Each structure stands twice: as structure tokens, then as C-alpha cells.
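Structure record follows, encoded as C-alpha cells.
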Ligand code: XMP
């Protein structure tokens, strides 16, 4: 899917910085579209993409490494404004005839920037500002035509510029929160230097996305696996707006859902949106297959494979229903819609083993195999998670759906350690409902990444009244995280933890002990299996 040329656009050449996606998000927060491309994109392709400006990201390499990632030097002569950040600035200086000094040690941390007069980059920001450094090499002599736009105590050339060719460089990182006025620097580049229009709004995105979907699918039918999570829900709402009844959502109840999940999804989509929704209750089949299984990987495989089988069957049934009621004239379901997001599609550049791009394979459970021969419709593949949420709100989805915490495809099966049985599912559902309702009541639910209960295969001794008990243990997992890749346990108020524990032990039959999980990720994971 491409954006219409009418949009302003900033291209970011990715040299492997852990902050590349942050740069893209900062620019989009200015309501300007930004796109990440590989560092070695040829100049001819850049011309085709018609960007208003180009950012060279930072990166872990030194410009003196023999394998240092290089850009096509012809890009410097395209007359498009450029901003090099950190490694990007050093590369720029090296290519344009300046000098870069090799340094084996990186300079990390906070610093104070002193701005020279008259730089467009620092327009309206004042003479001094706090900045965040993380660089190795340093520019020691300017390329011809350049001047220093700012300095720090350690560096004469902390910001450089050639206003004539509109090429700028920053040794520090304007995109991170530790450079509090960095957003204004980015705005200056985007608006004052690149003259972008603020035309990347959710309203315009939705209109464009609907147009593109209509063009892609024509009068054909589309099927979507609706999980009740944010991404597939937003895709459902978007496609419904674009193609109405040409979309059918399939919602599979695998018997491993949270309490009342199937009700919520059917209410939001069937009743509020009048989406054509096929509800498949396959819970008995899933639980039958999981009988006696305790190994985590085996559980995941069984659930993943059965999901595909159920989905395939459901699509065939839909087809038969269409033919029976005379609406089968456009053949089968050629298109499959998916809630793929931008971080999943950015081509990863792993330079120096940078872990920022390592994608977890097991999260594709519930993804459908290629052999199903569907053509994919992925209308939100340009969006970051926070943008998907904005799109959802704009499309009229309720806040409870849009700000929902993530829930794994294999559901409660990976939160029941040991065998999954109807009785143990019942215990976990009740405990989980208490965790969620207490988190909501205390205004904590939306402040954390995830909060849930886990049922352990451990019994312990307790005492209730005069009776000795020997019952199950529930662990509470509450974490904060930006993207699920790393996480830390939340320092929840003791009072709230106490209430959750008290209610679970009093109200959930079969549980006499509650523990709080105080492990971070890594080395632990968020889910227990
Ligand atoms: P872990 O447990 O690997 O989880 O730290 C990181 C994030 O991913 C979610 N998760 C999944 N999501 N299918 C999904 O759609 C899965 O199989 C799956 N496994 C884990 C998890 O809830 C957390 O947010």
C-alpha cells in the first residue's frame, strides 16, 4: 500500500539506531507522514518517493568501520533538505569533505547545548537547551560551506548546517524524551526547512485507506479473523466502513477466552456496527485436543493448528451459505484482512547485533499459513500502535476496545500451567475477572501494559475458619512496557494488591494463596508459558 503523492512526507534512512522508530513517531506527531527505509536505498528510488525531507538516523557503527553502512552519495545532490542525527551527521560530514575523529569510547548522557545565532533548526528555542548524547565518533572539521549551529562543552560542532544546500546535522538525539525541546527542533526541520503540510491526520488516513481497500478488492469478498484485540477490531471497523457487507468477520471461540469475551465482541461488532459476523464455538474441540497436554510448546502448536483448521472450515461454510442465499456471484473469499502494524513490516537492519529489531516468532500464533492462498488486505500496516488506537476512536470503537490490554492468541491456555481443564479454566476466569475489575476500579487498568492472573500447578496448605485447606495458587502478573519486548513489574500500591488477593481467596473456590510476580523481562517473559 502506498500513500498518495499529495501527502507531505519525510523519509528516514535507517542506519540501525534503536531510536529510528522514535524519530518516525515524533515526525508523525507533527501530523506529517514519515516512512522508514533501508540506509542503502538508491537515489533513484528516493526521487520516486518524492519526500519533502530526508533524515539520516543514528546507528551503532563508526564511519571508520570497514563494514560501516553507507548511503548512496547521489542523495546529497538531490536538492532535498537533509538532517543527519549522530551517525547520520558523521556520515554526512565525511561524505561532504569534513573531518570525523574516531573515538573508541561513546559519550553517553545529558549535556547542555549552546546555540549560535540564526539557525533555522533552533528557531524559537532560545540560546541554551538540555540535550541527550549517545555518540562515538565526533566531527572535528566542517565540510566546505558549513557552519557550526551549536556547541557543547565537549564539542565545537554539536550541530552543523549548510543553509544554502539545506543540509543539517545534530550530534545529539532530538527524538528522545531526555532532549525535552527536541520536538521543537524536529518541528523546525519539518515545517520551516522542509515546508511540509500538516496533512497526516487520522481523518485523512481513514479516507485514503478506505479508497485503497476499495481499489484493491473491487467487488470481491474479504474475510477477517476477529480476535477482539485492538488491531483486528480496528481493521474490522475500517473495512466495514470501506466495503460494508463485502466483509465477513470470523470470531472463533477456542474455549480459552476471558470471561464474557464472546459476548463483548458480538455486541460491539454485531449490534453496534452491524458487521457481518460469523461466530464459531469450537471450544469443546479445543479442550478435547488439549486434554492431558502440559508442555507449553505443544499447547501452542495444537491451538495454532486447530485455529487454522477451524478458520478454513468456517470460510467454506460461509461460501456455502452465500451460494444458498444467492449472494455467491463473486466467487469465494479471495481476500484475507489482517491487522499487521508498521513495526512488523519495517525491514530490519541488524547492524552490530542491535536487538531493537528482533521479532518474536511465537507471536504469529493465529496467523494463517500462506498455503491458504489468500491475497492479504492490510490497511493499517503503515500505523504505529498509538495511531491504530486513534484510528479506532475515530471510527467509533468504544474506549474499552481501543485501549484494551494485549491478550495472547493461545488465550488462557498459556496462563494455566499444567493441564487445561474446564474446572481450572473456571478458576482462572474468576480470578482474572477480579484482577481486571479491581484494576479498573482503582484507575490502574489503563496505566499498565498488562494485568492478569496465572493459575499455577501448585497446591499449598492454608486454613479457613477451623478447617485446614489444600488448594491452588494464583500468581498475579502486572507489568509496564512500551512494546512487550521488555517489561518491568509494576510497583502497585500495597492496598490494591491486598484487595485483589483478599477477593480472590474469598471468592474463588479452590484458591487459598495469591503471589505477586516481581520478575522483569528479560530474563523472564510476560506470559508464564
Ligand atoms: P512474552 O510472554 O513473550 O509476551 O513476554 C510479550 C507480549 O506478547 C503477548 N503474547 C502473545 N500475543 N500471540 C499473541 O498475539 C501469542 O501467542 C502471544 N504470546 C505472548 C503477551 O501477552 C505480551 O503482551
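Just so you know, all these numbers are worked out from the coordinates, no wet-lab data involved. In this text, all values refer to a predicted model and were calculated from it rather than measured experimentally. Here Cβ is always computed from backbone atoms with ideal geometry, including for glycine, and neighbour counts include all displayed protein chains.
Data for the structure
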read-out	value
Ratio Rg/Rh [Cα only; Rh per Kirkwood] for region 106-195	0.93
Rg followed by Dmax, in Å, when region 400-529 is reduced to its Cα trace	14.5, 47
Normalised contact order of the chain, rounded percent, pairs of Cα under 8 Å and 6 or more residues apart	11 percent
For region 1-86: rounded, prolate or oblate by the Cα gyration tensor [a/c cutoff 1.5]	oblate
Global size of the chain as Cα Rg and Dmax, reported in angstrom	26.7, 87
Rounded to 10°, Cα long-axis angle of helix 494-507 versus longest principal axis of the chain	20 degrees
Within the chain, percent of DSSP bridges classed antiparallel, to nearest 5	45 percent
Estimated FRET transfer efficiency when R0 is 22 angstrom, pair residue 106-residue 486 (beta carbons, to 0.05)	0.60
Region 449-470-region 509-529 distance, computed between alpha-carbon centres (Å)	13 Å
Distance (nanometres) between label positions extended 7 Å along Cα→Cβ at residue 153 and residue 141	2.8 nm
Gained length - residue 259 relative to residue 65, 0.36 nm times residue gap less alpha-carbon distance	64.3 nm
For a label point 7 Å along the Cα-to-beta-carbon line of residue 446, residues of region 454-490 with backbone N under 19 Å	479-483
Rg over Rh [alpha-carbon atoms, Kirkwood Rh] for region 187-303	1.16
Three-way shape call for region 202-402 based on the alpha-carbon gyration tensor, with the a/c threshold at 1.5	rounded
Helix 422-441 vs. the chain, principal-axis angle (Cα, 0 to 90°, nearest 10)	50 degrees
Calculated on alpha-carbon atoms, Rg and Dmax of region 9-193 in Å	14.7, 42
Point-to-point label distance, residue 463-residue 509, nm (Cα→Cβ direction, 7 Å offset)	2.5 nm
Angle between the chain longest axis and helix 296-324 axis [Cα atoms, degrees, rounded to 10]	80 degrees
Region 98-139 and region 171-240: distance between their alpha carbon centers, rounded to Å	30 Å
Contour minus Cα-Cα distance for residue 373 and residue 399 (0.36 nm per residue)	5.9 nm
For region 114-263: Kirkwood Rh in Å [reciprocal of mean 1/r, alpha carbons]	19.9 Å
